[in-house]
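Just below is one structure, and these are the notes that go with it.
The values are calculated or read from the model by the stated rules, or taken from the named source; none is laboratory data. A quick note: this is a predicted structure, and the numbers were derived from the prediction, not measured. A quick note on method: Cβ atoms are made from the backbone with ideal geometry, for glycine too, and the neighbour counts reach across all protein chains shown.
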Amino acid sequence: MHVPILKQGDYLIATIQSVLSDADLLQLRDDLADRVGQFRSRGVIIDVTVLDVIDSFATRTLRGVAHMLKLRGAETVIAGIQPDVAFAMVQLGLTLEGVGTALDLEEGLAFLNARTKRGSNVWRGPIPPRSAPKAPLDAQTRRANRRRK
């Protein structure tokens, strides 16, 4: 089953719509890695609301995807883990350590906005031209600056 990946501004949203096989999860990983580079995305939301089971392979894969995308420059948040699924994951010792989680898509967007805002000074376009060197200050300006201190 192909997972649709939508572009929303600087973010990608992957909404899982049915149970995924292991091969589907690996395909999602590859698709997200490609799209993050293609669109220069700053964040990814993986919406797992429809999943009623997240097994050890899915947990490990989602954690690996998040860490891989971080290396590609994008924050990742897993949104919509159902209460019963979260309980089962805890009972089985499955964690998404180091990966952001959110209650739903709206909270996931807020999470990414907060996380990527801190890094908003990161340049993501072509290399900007260098500015012209500043002219040296004349003696009169240097004296005036010293008096102000």
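Just give me the residues in segment 12-34 being of a type in the set (G, A, S), assigned to a loop (DSSP other than H, G, I, E, B) and either crowded, with 16+ Cβ neighbours inside 10 Å or touching a residue at least 24 places away in the same chain (Cβ under 8 Å) (or both), in sequence order. I'd like the intermediate steps shown before the answer.
The first filter runs over segment 12-34 and keeps only residues of a type in the set (G, A, S), leaving 14, 18, 21, 23, 33.
Adding the requirement that they be assigned to a loop (DSSP other than H, G, I, E, B) leaves 18, 21.
Residue satisfying the conditions is S18 alone.
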- Query: Scanning for something modelled with pLDDT under 70 and not small (G, A, S), does segment 74-90 turn up at least one residue?
  - Reply: no
- Query: From the list V50, V85, which one is exposed (fewer than 15 other Cβ atoms within 10 Å of the Cβ) and out of contact with any helix residue (DSSP H, G or I) (no Cβ under 9 Å at 6 or more places or on another chain)?
  - Reply: V50
- Message: Suppose the filter is modelled with pLDDT of 75 or more and among the β-branched types (V, I, T); does T141 pass it?
- Response: no
- Can you tell me which residue within segment 59-74, out of those that are assigned to a helix (DSSP H, G or I), touching a Lys or Arg at 6+ places or on another chain (Cβ under 8 Å) and not polar (S, T, N, Q), is farthest from D34 (Cα to Cα)? G64
- Query: Of the residues G9, G43, G37, G64, which single one is closer than 24 Å to E106 by Cβ and surrounded by fewer than 15 Cβ atoms within 10 Å (Cβ to Cβ)?
  - Reply: G9
- Query: Has segment 46-56 got any residue that is more than 18 Å from P4 (Cα to Cα), in a helix (DSSP H, G or I) and out of contact with any Ser or Thr (no Cβ under 8 Å at 6 or more places or on another chain)?
  - Reply: yes
- Yes/no for V77 being touching a Lys or Arg at 6+ places or on another chain (Cβ under 6 Å) and surrounded by 21 or more Cβ atoms within 10 Å (Cβ to Cβ): no
